[in-house]
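A.B. asks: Attaching a single structure in structure tokens format; questions to follow.
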Amino acid sequence: QVQLVESGGGLVQAGGSLRLSCAASGSISSINAMGWYRQVLGKQRELVAAIANGGNTNYADSVKGRFTISRDNAKNTVALQMTSLKPEDTAVYYCYARLDRVGTYWGQGTQVTVSS
């Protein structure tokens, strides 16, 4: 089993910053990629940011220039530094880890609320 534990969500004013963290533990072989999705009630879950083992990153257009994803491969952790937050960023954020020849695991989700 692989478990992902997220932290860092909360309430912040528009223009503020939050840092989300996610740690993977359990029966880990090799992680191909880690990242973050977010979901607003009634909408599809969307990819926010992803990072591969080699460091290549991918961001949603809506967060480019504001969010930064980072990863510590040795510790199997991934973080999302969110700056210049907007009310539109309000969502439940889910961490994921994609394991080679195993599958994809998800965190429980953490609420991010940005007030105006």
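The values are calculated or read from the model by the stated rules, or taken from the named source; none is laboratory data. Not measured: the values here are computed from a predicted model. Please note: Cβ atoms are built from the backbone with ideal geometry, for glycine as well, and neighbour counts cover all protein chains shown. Quick note on the areas: whole protein, heavy atoms, side chains included, nothing else; ligands and nucleic acids left out. Shrake-Rupley method; radii C 1.70, N 1.55, O 1.52, S 1.80 Å.
A.B. asks: How much accessible area per residue does the chain have, in Å², with a 1.4 Å probe? If you can, show how the numbers build up before the last one.
C.D. replies: Values: 6180 Å² over 116 residues.
Accessible area per residue, the chain: 53 Å².
A.B. asks: Just grab the label-to-label distance for S62 and L47, each label 7 Å out from Cα along the Cβ direction, in nm (one decimal).
C.D. replies: If labels sit at S62 and L47, their model points lie 1.6 nm apart.
A.B. asks: Within straight cross-link reach of K43, meaning Cα distance under 19 Å, which lysines are found once same-chain residues fewer than 8 apart are removed?
C.D. replies: K86
A.B. asks: Also, I was wondering about something else. Place a +1 charge on the Cβ of each Lys and Arg in the chain and a -1 charge on the Cβ of each Asp and Glu, then give the dipole magnitude about the Cα centre in debye, rounded to the nearest 20. Intermediate values should be presented prior to the final figure.
C.D. replies: Working: 11 positive and 7 negative charges, 12 e Å.
The calculation lands at about 60 debye.
A.B. asks: For K43, tell me the accessible area in Å² from a 1.4 Å probe, rounded to the nearest 10.
C.D. replies: Looks like 140 Å² after rounding.
A.B. asks: With Cβ to Cβ distances under 10 Å as the rule, what net charge do the other residues near T83 carry (K, R +1; D, E -1)?
C.D. replies: Working: positive: R19, R66; negative: none.
So the surrounding residues net to +2.
A.B. asks: Just how much of S27 is accessible, in Å², when a 1.4 Å probe is used and the result is rounded to the nearest 10?
C.D. replies: 80 Å²
A.B. asks: What net charge is computed for the residues neighbouring A23, neighbours being all others with C-beta under 10 Å from the C-beta of A23, Lys and Arg scored +1, Asp and Glu -1? Walk me through the numbers before you get to the answer.
C.D. replies: Numbers: positive: K75; negative: E6, D72.
So the environment of A23 carries a net charge of -1.
A.B. asks: Viscosity 0.692 mPa s, temperature 37 °C: Stokes-Einstein D of the range 1-95 from its Kirkwood Cα radius, in µm² per second? Provide the component values of the computation, followed by the final result.
C.D. replies: Numbers: Rh = 13.7 Å.
Translational diffusion coefficient: 239 µm²/s.
A.B. asks: Quick one: with all protein chains in place, what share of the accessible area of the range 3-72 is carbon or sulfur, to the nearest percent (1.4 Å probe)? Provide the component values of the computation, followed by the final result.
C.D. replies: Details: 1770 of 3810 Å².
After summing per-atom areas, the C and S share lands at 46 percent.
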